[in-house]
1. Kindly indicate which of Thr77, Thr128, Thr113 is within 30 Å of Leu40 (Cα to Cα) and out of contact with any Cys (no Cβ under 7 Å at 6 or more places or on another chain).
2. Which ones in the range 37-63 are more than 18 Å from Ala377 (Cβ to Cβ) and assigned to a helix (DSSP H, G or I)?
3. Limited to the range 332-344, what total is found for residues that are of a type outside the set (D, E, K, R) and open to solvent by 10 Å² or more (accessible area, probe 1.4 Å)?
4. Is there a residue in the range 202-216 that is hydrophobic (A, V, I, L, M, F, W, C), in contact with a helix residue (DSSP H, G or I) (Cβ under 6 Å, 6 or more places away or on another chain) and open to solvent by 30 Å² or more (accessible area, probe 1.4 Å)?
5. What's the total number of residues in the range 299-325 that are surrounded by 18 or more Cβ atoms within 10 Å (Cβ to Cβ) and in contact (Cβ under 8 Å) with a residue 60 or more places away in the chain?
6. Give all pairs with beta carbons closer than 6 Å in which a residue from the range 373-392 that is more than 17 Å from Ala305 (Cβ to Cβ) meets a residue that is part of a helix (DSSP H, G or I) and at pLDDT 95 or above; count only pairs at least 6 apart in sequence or on separate chains.
7. Could you check the range 23-60 and list, in sequence order, the residues that are modelled with pLDDT of 90 or more and of a type in the set (S, T, N, Q)?
8. Which one is nearest to the chain's Cα centre (by Cα) among residues in the range 166-194 that are open to solvent by less than 10 Å² (accessible area, probe 1.4 Å), closer than 19 Å to Ile236 by Cβ and hydrophobic (A, V, I, L, M, F, W, C)?
Amino acid sequence: MIETLTLVSLILIALGSALSFKSPRSVFFISLIALLIMLLMPEYRSYVILIVAIGVLNLMSMILMKNQIKGVDYGLTALIAIATVYVVFTNDLAMILLMFVITSIPTYVLIMTSENRANVEVAVKYITFMVFATVLFLAGAMLLVYANSVNADILYIIGFIMLIIGLGMEVGCAPMHEWVPDVFDTADPIPVSIVASIAKIVPFVVAYKILIMTANSLVTELALFVAFVAAVSMFIGNIGALTSTKPARILAYSTVANMGYIIATLVALIDLNWIYLAFAGALLQLMANAFGKIGFFVSTKEGGASTYLMYTLAFSFIGMPPLIGFWGKLFILLSLVKVGYIWLALILVINSAMSVPYYVRLARILSKPMIPSLVNAIALITVALTFITIVPPSWFIDMARAIIGGV
């Protein structure tokens, strides 16, 4: 049933894209139907619902763009969302790596779209980094699998480092983040909102699956490398955001910091008894990042949105309970403490405190009176979704345990 639903959705997207040259707007509705079909997935309902919601918000935000790629960009956005749903249902190495590629490549096209003309300079910089990231990630993954099968420690270490560097470059984790501020600041806010939201999820899910499949005793030492990357990303991201004045650059550096929080969860590989808690924290933080980035970037497109909505998204990023951003950080902190990385947990707390001034400043810059508009509608939905954890998300931990347990 899982494969059938995915295939039907992919066929719809392909047909919609083929018809896009005659009726670009029709692709929106076809892509929407393709995404809604994924809600019929029989397992991991919480994850599926949230990913479909993010995908639908991305589709809605693209309506704000006056010039599009004949509607094909709707299909590409839906394709990313479908791959993001399907990736948790498969543990086949070829398929999970394919989902990684399918998620990454459409962003090459989307990042070029703008109101006036194709933004070639931004695209060249973005694509250059993404190609390197993809090659490093895929090569690292294959090396890990091979080294684990033949018990080659040196190859395992090389593969692990390559995968982490590729992952960091893909999602914008410091010190591999050079592309992030310039691309986020120069490209159109709408495609950037897609790159900054749903496109971040699959790389982490795939990394988790591969690293769990291949985990061995070497992970204990290699976790220090991951912790170092995470700490550097947190500090560089938050310091960069504190010293930035433009909303797009603040959001760019906040992404760098958020990716640091999430990559820190990979140190839980040293004790697989707690990996489900780390994975739950990573997923919730990715969801919080997605909702916030969609709401904020769509608002920058139109010069701002409702004051109440902007501040609520800021509070979610800061980590105020009961918003989703609080629970993501809480689960990450708990997983770090459980595996003995208390110093990294303290660094995360310090960096969360450092983020307060610039998120409040960002909300103030983008605040406007509440008026009926598509921007406020999208921001309102993102805010509503940040409240899904008003009931303590033990239900999300159970789902994360089931996903990880199947690897």
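The values are calculated or read from the model by the stated rules, or taken from the named source; none is laboratory data. Just so it is clear, the model here is predicted, and its values are computed rather than measured. Heads up, the Cβs are rebuilt from the backbone with ideal geometry, glycines too, and the neighbour counts pull from every protein chain shown. Keep in mind that these areas ignore ligands, DNA and RNA; they rest on the heavy atoms of the full protein, side chains included. Shrake-Rupley method; radii C 1.70, N 1.55, O 1.52, S 1.80 Å.
1. Matching residue, one of Thr77, Thr128, Thr113: Thr77.
2. The answer is Ile37, Met38, Leu39, Leu40, Arg45, Ser46, Tyr47, Val48, Ile49, Leu50, Ile51.
3. Number satisfying all stated conditions: 8.
4. yes
5. Of the residues in that region, 15 qualify.
6. Thr389/Ile324; Thr389/Trp327
7. Within the range 23-60, Ser31, Ser46, Asn58 meet the criteria.
8. Val171
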